[in-house]
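The values are calculated or read from the model by the stated rules, or taken from the named source; none is laboratory data. Note that the structure is a prediction, hence the values are computed from the model and not measured. Don't worry about glycine lacking a Cβ; one is built from the backbone with ideal geometry, like all the others, and counts go over all protein chains shown. Protein only, heavy atoms only, side chains kept; ligands, DNA and RNA dropped before computing areas. Shrake-Rupley method; radii C 1.70, N 1.55, O 1.52, S 1.80 Å.
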Amino acid sequence: MAVLHYAVSERKVEDAVYNQTIPAGDGWTYTLEPGQVLRIVDLEGNQAADTLFYDADNPSDHYSAVNTIQRQGNVYLSTGSVLLAESGKELVKIVADTCGRHDTLGGACSAQSNTVRYSHDTLPMHNCRDTFMLQLSKYGNRFTKRDLAPNVNFFMNVPVTPEGGLTFEDGVSAPGYYVEMQAVNRTLVLISNCPQLNNPCNAYNPTPIQLLIWDN
């Protein structure tokens, strides 16, 4: 069992320069400037926020789960974790976390993975990979499918078994829990607020998340 690293933020909602609620199934992109802080709030509990990060000045340099895990010596993310790009560049650092542990191994749901995990009739269901691509299409030809890397699943509980496998379990989050990260360099953040209806971790009920940004 990984050690949970809880840390409460002193930032106040009323001081945020950005405040938006993202319904389940919707996507979001935003470029954080160095020093800006993003808070993702799990409004109703156990909702997965699938998230990718890119060097905003070199979008081909995306978040690397391998580099991040190797740097911190832990497969779970929490307070103090620095998220790295493929180049090794620091993108964001988690500075507060009331959930305590986040997944960086389970990946995002797709039409194909839904059929493998659940059943073939889930093929047409909306999924995070589609949301990612819809959001990236706003940037014209800057991104392709090749730019979708293994992502972070904030608030998702994916334990590693003693045999080295992964299991998708009930979440460790609750209503109002949040994770807060500060941009080290200019970072494009891409979020799919997961629409997954087949996984019991969210009680088969995808819910909204809240996004807050402070200038420091």
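Among the residues of the stretch 37-66, those that are surrounded by 17 or more Cβ atoms within 10 Å (Cβ to Cβ), polar (S, T, N, Q) and either out of contact with any strand residue (DSSP E or B) (no Cβ under 8 Å at 6 or more places or on another chain) or within 22 Å of Thr144 (Cα to Cα) (or both) comprise Asn46, Thr51, Ser64. A count restricted to the stretch 16-36 and to residues that are closer than 15 Å to Gln210 by Cα and either within 15 Å of the chain's Cα centre (by Cα) or open to solvent by 30 Å² or more (accessible area, probe 1.4 Å) (or both) stands at 14. For the stretch 180-205, a residue qualifies if it is part of a loop (DSSP other than H, G, I, E, B) and at pLDDT 95 or above, and the qualifying residues are Val184, Asn185, Arg186.
Total residues in the stretch 1-10 satisfying the condition of being surrounded by 15 or more Cβ atoms within 10 Å (Cβ to Cβ) and of a type outside the set (A, V, I, L, M, F, W, C): the figure is 2. Filtered by the rule that a residue be open to solvent by 50 Å² or more (accessible area, probe 1.4 Å), over 23 Å from Tyr177 (Cα atoms) and in contact (Cβ under 8 Å) with a residue 24 or more places away in the chain, the stretch 67-105 gives Glu86, Ser87, Lys89, Glu90. For the stretch 50-89, a residue qualifies if it is among the hydroxyl-bearing types (Ser, Thr, Tyr) and closer than 22 Å to Gln135 by Cα, and the qualifying residues are Thr51, Tyr54, Ser60, Tyr63, Ser64.
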